[in-house]
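What follows draws every value from the coordinates through simple rules; no lab data is involved. Not measured: the values here are computed from a predicted model. FYI the Cβ positions are ideal-geometry reconstructions off the backbone, even for glycines, and counts take in every protein chain you see.
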Amino acid sequence: MSKNGMRIGAAVLASAAVLGAGGALAGAATPEATPQSLSGIQAKAAAAISLRVKDLNAAMAKVNAESRLGNDNAALAAYLQTDIAPLQALGQKIAADTTESTAAADYATIFTNYRVLALVLPAAHIAGAADQVDVTTVPKLTALATKAASHVNSSNQGVLQPLLNDLNAQITAATNATAGVSATVLAYTPAEWNANHDLLTSGRSAVQSADTDIAKAHADLKQIAAVLKPVAPARTTTPTTAS
């Protein structure tokens with residue numbers, strides 16, 4: 001490698017897909033009209049609970065396999081696991097209910113006391129994306145910025161320094177955007193979401209803002225790499241003398 005060149009690895013962009021959506025469709029967060037028969041209520045409850053437990057387990061598996069979250073895996077997985085046992089216990093209670101009124105009241109709590117699809121999974125999704133920025137993306141970008149700065153000299157400073165300044169500004173902006181986001185969204189309760197359906201808006205916007213900052217940082221790095229790319233010496237040919 002030429003001393004004038006610098007090898008810049010691909011910066012890791014924040015991912016909005018740390019967790020899969022699973023069965024968490026928007027409409028599934030709202031209960032259908034409560035069935036009129038006891039058996040109907042019990043069947044609906046069993047299906048609703050099964051869906052939620054399946055989605056929580058699927059999200060946990062993805063979190064546990066996600067290396068970009070670092071030590072934050074454990075906290076996020078524990079958050080996702082919190083509702084599984086209570087939901088299963090609720091399912092057993094509804095299955096044992098003997099009156100329609102009791103079963104209907106218990107059925108309603110699936111959608112008011114847990115909010116798996118409307119709050120828990122989306123909050124975990126946001127937290128996972130924010131954690132990835134904090135744990136993996138920003139440190140990698142910072143290391144690359146430091147590496148790029150070591151190649152600044154009097155001949156390239158005029159071009160490189162503005163790019164480095166912008167790169168560092170984007171890193172700072174991304175860092176600030178996601179600061180505290182994970183802890184905030186994971187602390188929201190179903191009662192808070194019931195009172196305010198826009199509860200996750202600010203966290204989601206923060207991650208989107210960080211994504212934009214990181215994309216700009218990635219563009220700066222590509223320009224820096226182009227500036228530092230070694231220029232191959234021009235080929236010369238030795239003239240031949242006719243004999």
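A few points about this structure:
- Backbone geometry of the range 206-214 corresponds, through the Karplus equation with coefficients 6.51, -1.76 and 1.60 at θ = phi - 60°, to 3J(HN,Hα) couplings of 5, 5, 5, 5, 4, 4, 5, 4, 5 Hz, x marking Gly and Pro.
- For peptides 146-154, 37-45, 98-106, sequence by mean Cβ density within 10 Å, most packed first: 37-45, 98-106, 146-154
- Here the range 29-114 is assigned +1 on the Cβ of each Lys and Arg and -1 on the Cβ of each Asp and Glu. Its dipole about the Cα centre then comes out at about 180 debye.
- Taking a straight line from the alpha carbon of LYS222, these lysines sit under 21 Å away, with near neighbours fewer than eight places off in the same chain left out: LYS3, LYS140, LYS147.
- Temperature 25 °C, viscosity 0.890 mPa s: under these conditions the Stokes-Einstein estimate for the range 79-209, based on its Kirkwood radius over C-alpha pairs, is 136 µm² per second.
- Taken along its three principal axes, the alpha carbon spread of the range 31-146 comes to 68, 21, 16 Å, from the longest extent down to the shortest.
- Peptides 53-59, 70-76 ordered by average Cβ neighbours within 10 Å, highest first: 53-59, 70-76
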